[in-house]
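Working notes, beginning with the structure itself.
Derivation of every value follows stated rules applied to the coordinates shown; laboratory data play no part. If you're wondering where the values come from, they're calculated on a predicted model, not measured in any experiment. No Cβ is skipped: glycine too gets one built from the backbone with ideal geometry, and neighbour counts run over all protein chains shown.
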Amino acid sequence: MSDSDPKFHPLSGTNYPQWSGEMQAWLMTKGLWRLVSGAEKCPGTDAEAIEKWELRAEKAAGALYLNVTKEQRIHLDGIIDDPVKIWEKLAIVHVSKKPGTRFNAYDDFFSIRKKEDES
């Protein structure tokens, strides 16, 4: 492992909150976070600038892919080369699995009542 490799556990099915913070910080140290967060868009027409941006996007996408467990990589099918989509997809998959979210959904479901005038 080189000095530039992350020093934290890869994303598994249970560590998203910790992993996302550590991954964000690591990407920041590499100057890639603005790209992954979507704040830094691909430059318009300058071929050299586009090439540099695409190389950085590939670096970011590769870093994200390599920092998730093999079981989690199934979520990245078809988006492996897009770091913004990778970050968003992992958030969608893992944030929605919070126990509170499930409880709130069940609570909402079981609190549905038929009104007096409904059949």
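Numerical summary
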item	result
All aspartates and glutamates inside 19 Å of K115 as judged from Cα atoms, apart from same-chain residues fewer than 8 positions distant	D107
Between the range 73-93 and the range 1-49, the Cα center-to-center distance that results, in Å	13 Å
Which of E54, E48, E116, E22 has the fewest Cβ neighbours within 10 Å, and the rest in rising order	E116, E48, E54, E22
Quarter of the Cα convex hull surface for the range 7-87, i.e. its orientation-mean projected area (nm²)	5.4 nm²
Exposure proxy order (Cβ contacts within 10 Å, fewest to most) of D81, D117, D46	D117, D46, D81
Fewest-first ranking of H75, H94, using other Cβ atoms within 10 Å as the exposure measure	H75, H94
